[in-house]
1. Those residues that are of a type in the set (Ser, Thr, Tyr) and open to solvent by 30 Å² or more (accessible area, probe 1.4 Å), I need them from segment 47-68; list them, please.
2. Report the residue count in segment 176-220 for those that are in contact (Cβ under 8 Å) with a residue 24 or more places away in the chain, farther than 21 Å from Glu141 by Cα and small (Gly, Ala, Ser).
3. Which of the residues spanning segment 235-247 are buried (at least 19 other Cβ atoms within 10 Å of the Cβ) and either on the phi > 0 side of the Ramachandran plot or among the small types (Gly, Ala, Ser) (or both)?
4. Quick one: what pairs do we get from segment 221-240, first residue aliphatic (A, V, I, L, M), second surrounded by fewer than 16 Cβ atoms within 10 Å (Cβ to Cβ), C-beta under 6 Å, 6+ apart or different chains?
5. Of the conditions (1) within 18 Å of Val67 (Cβ to Cβ); (2) more than 19 Å from the chain's Cα centre (by Cα); (3) in contact (Cβ under 8 Å) with a residue 12 or more places away in the chain; (4) open to solvent by 10 Å² or more (accessible area, probe 1.4 Å), Val167 clears all except one; give me its number.
6. Considering only residues of segment 175-192 that are open to solvent by less than 20 Å² (accessible area, probe 1.4 Å) and in a helix (DSSP H, G or I), which is farthest from Leu250 (Cα to Cα)?
7. Please specify each residue of segment 193-213 satisfying the condition of being part of a loop (DSSP other than H, G, I, E, B) and exposed (fewer than 13 other Cβ atoms within 10 Å of the Cβ).
8. Say whether the condition of being surrounded by fewer than 19 Cβ atoms within 10 Å (Cβ to Cβ), among the aromatic types (Phe, Trp, Tyr), at pLDDT below 95 and farther than 20 Å from Ser55 by Cβ is met by at least one residue in segment 131-142.
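The values are calculated or read from the model by the stated rules, or taken from the named source; none is laboratory data. Quick caveat, the model's predicted, so the values are computed rather than measured. Reconstructed Cβ throughout: ideal geometry from the backbone, glycine too, with neighbour counts over all protein chains shown. Surface areas here come from the heavy atoms of the whole protein model, side chains and all, with no ligands, DNA or RNA. Shrake-Rupley method; radii C 1.70, N 1.55, O 1.52, S 1.80 Å.
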Amino acid sequence: MSALTAAGDLRRLVVRDLRRELRLLDGLIVSTVVPVMIMVVFVYVFGGAISTGSSGLAYIDFVVPSVLLMSGGYGAALTAATVADDLNGGMIDRFRTLPIGGWVVPAGHIVASVIRNVASAAIALGAALLLGFRPAATPAEWALTLAVVTGYVLAVASLSVVWGLLVKSTQAAGAFSFVVLFLPYLSDGFVPAETMPEVLQGFAANQPITPITETLRALLLGLPIGSSGAVAAAWMGGAVVLSLPIAALLFRRRTAS
């Protein structure tokens, strides 16, 4: 298969996935509205009682980076369910009759998820601006912010496709979204890790959401990034590099018979 043919197949599958998601309004509403509502609750209900620790930031400035990740990541995690639905609903049997490369179908899901959920994160950012968030990012920092959000959504979508190919049912595939939705709470995203119990401090400091959140916070507010940028890039890049070939291999195995 030539690169031009594969690119054409990928484009068609991405358009197909995006059109399907536009018809599933409940999923679009949940993935967009839930993180925004969580932000509203934390800012207006809990924000006055939560200290941002040594950062000295207003709570809305502290929490918005995590909400952006939650908005994009939760929708990307739902990709597992769409992959499982294709496998169990007969669509893959149709694809098998076509000369499509084994990597193109998983890649189509991933690319469509990135487009859709980066847009969801942008909506969450617009809501944050309405709530009083005032970023201090330069144009270069805005570009890096977009790169970080895109990288995070790409990493989650890649892992999500792997999970969707591993499990047998759409219901089991949907469980991945709850993990992605819950993980930011055990990071430096909603409360400073230094305020957590000691056992949770260790987990929060060494899980991927914390350096990604700290990188976004630094970019949006014009703060020093330090080592968090390199650590975040390593987490996201590692997830993508490991997931893509595994997804292609699992897809070939699930559709071989």
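1. Listed by number, the residues that qualify are Ser51, Ser54, Ser55.
2. Residues that pass the stated criteria total 2.
3. Selection gives Ala239, Ser243, Ala247.
4. Leu221/Ala136
5. Here Val167 clears every test but (1).
6. Within segment 175-192, the match that is farthest from Leu250 (Cα to Cα) is Pro184.
7. Our first condition is that a residue be part of a loop (DSSP other than H, G, I, E, B); within segment 193-213, this holds for 196-197, 207-208.
Of everything in segment 193-213, just one residue is part of a loop (DSSP other than H, G, I, E, B) and exposed (fewer than 13 other Cβ atoms within 10 Å of the Cβ), namely Pro197.
8. Scanning segment 131-142, I find no residue that is surrounded by fewer than 19 Cβ atoms within 10 Å (Cβ to Cβ), among the aromatic types (Phe, Trp, Tyr), at pLDDT below 95 and farther than 20 Å from Ser55 by Cβ, so the answer is no.
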